[in-house]
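The values are calculated or read from the model by the stated rules, or taken from the named source; none is laboratory data. It should be emphasised that the depicted structure is a prediction, and the values quoted were computed from it without experimental measurement. Backbone-built Cβ (ideal geometry, glycine too); neighbour counts: all protein chains shown. Just the protein is used for accessible areas: all its heavy atoms, side chains included, with ligands, DNA and RNA removed. Shrake-Rupley method; radii C 1.70, N 1.55, O 1.52, S 1.80 Å.
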Amino acid sequence: MNTFICYDRCSTCKKAEDFLKTHNVSFEKRPIKEQNPSVKEIHEMKERSSLPLKRFFNTSGQLYKSMGLKDKLPNMSEEEQEALLATDGMMVKRPIFLCGEKVLVGFKEKEWLEALGI
């Protein structure tokens, strides 16, 4: 089953969910604030996606900005970054769509169309 990790009050997540429904893509919805990805899940998503770990951070979020992570992340190990991401769902870029071996982070319609073969 495909998993759609999202935050209901996020407009980008709403757009992505509408996109999935419009294209009849089945998924199980997982609220990121209540069910934040674990360190292990974050590590696996990074490995499966081949994306740099910094792409998993919600760089426009208040938490990211208030913690000054723009300056701190370059000096942190990947293990430290993964542990930080696992502390709070609001730290994580959303939505995340897990579809087979694919991991889509953030919503860009063109990328999702290509990745999902629509």
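Odds and ends about this structure:
- If only residues of the stretch 59-93 that are out of contact with any Leu (no Cβ under 6 Å at 6 or more places or on another chain) and closer than 17 Å to Glu44 by Cβ are counted, the one that is surrounded by the most Cβ atoms within 10 Å (Cβ to Cβ) is Leu85.
Listed here are the residues, each with its yes/no results for (1) assigned to a loop (DSSP other than H, G, I, E, B); (2) exposed (fewer than 11 other Cβ atoms within 10 Å of the Cβ).
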site	(1), (2)
Asp8	yes, no
Thr12	no, no
Phe19	no, no
Ser26	yes, yes
Asn36	yes, no
Ile42	no, no
Glu47	no, yes
Leu51	yes, no
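- Given (1) in contact with a helix residue (DSSP H, G or I) (Cβ under 9 Å, 6 or more places away or on another chain); (2) in a loop (DSSP other than H, G, I, E, B), index of the condition Gly117 fails: (1)
- The stretch 101-118: number of residues that are open to solvent by 60 Å² or more (accessible area, probe 1.4 Å) and free of Cβ contacts under 8 Å to residues at least 60 places away in the same chain: 7
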